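Written below as structure tokens is the structure these notes are about.
Read-outs throughout are calculated quantities, based only on the coordinates presented, and are distinct from any laboratory measurement. These figures come from a predicted structure and were not determined experimentally.
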Amino acid sequence: MARVTVEDCVLKIPNRFELVMVSAQRARNISAGAPMTVEKDNDKNPVVALREIAEETVDLDDLKEGLIKGLQRHVEMTDPDDEEFDLLAFPQGQPGGDGEEGEANDAIALKSNMYQDIEIAEPAGDKA
């Protein structure tokens, strides 16, 4: 990679880290079949990408947008609110009443029975 090419690119993108990311994205685009805007001149794709950036033949905003989309792995989901969770846990129409008062009674009954102690009968053959 020619030092002159990198130094020319730093004038267009002052942050070297951003320059690396954007030029790598452009090199990936070229490898994927995107048309080159400068002559290849027997150079490899990263060098061609740097030459394109230095000569301003590619739109940097489009490259940055493609880079961001490529780095996104998932869309952040919001956690369900406590109220929504309660509605999911206790669907309407179950025994215990109708409306919010019935749902509240069901929730109280469920919580009170959740950790209830029970006696376990001994098996018939284990008497000492």
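How much length is gained on full extension from Ile68 to Lys40, taking 0.36 nm per residue of separation minus their Cα-Cα distance?
Details: separation 28, 0.36 × 28 = 10.08 nm, distance 2.65 nm.
Computed gain between Ile68 and Lys40 is 7.4 nm.
Can you give me the Rg/Rh ratio for the range 3-71, using Cα atoms for both radii and the Kirkwood formula for Rh?
Working: Rg = 10.9 Å, Rh = 11.8 Å.
In the range 3-71, Rg relative to Rh is 0.92.
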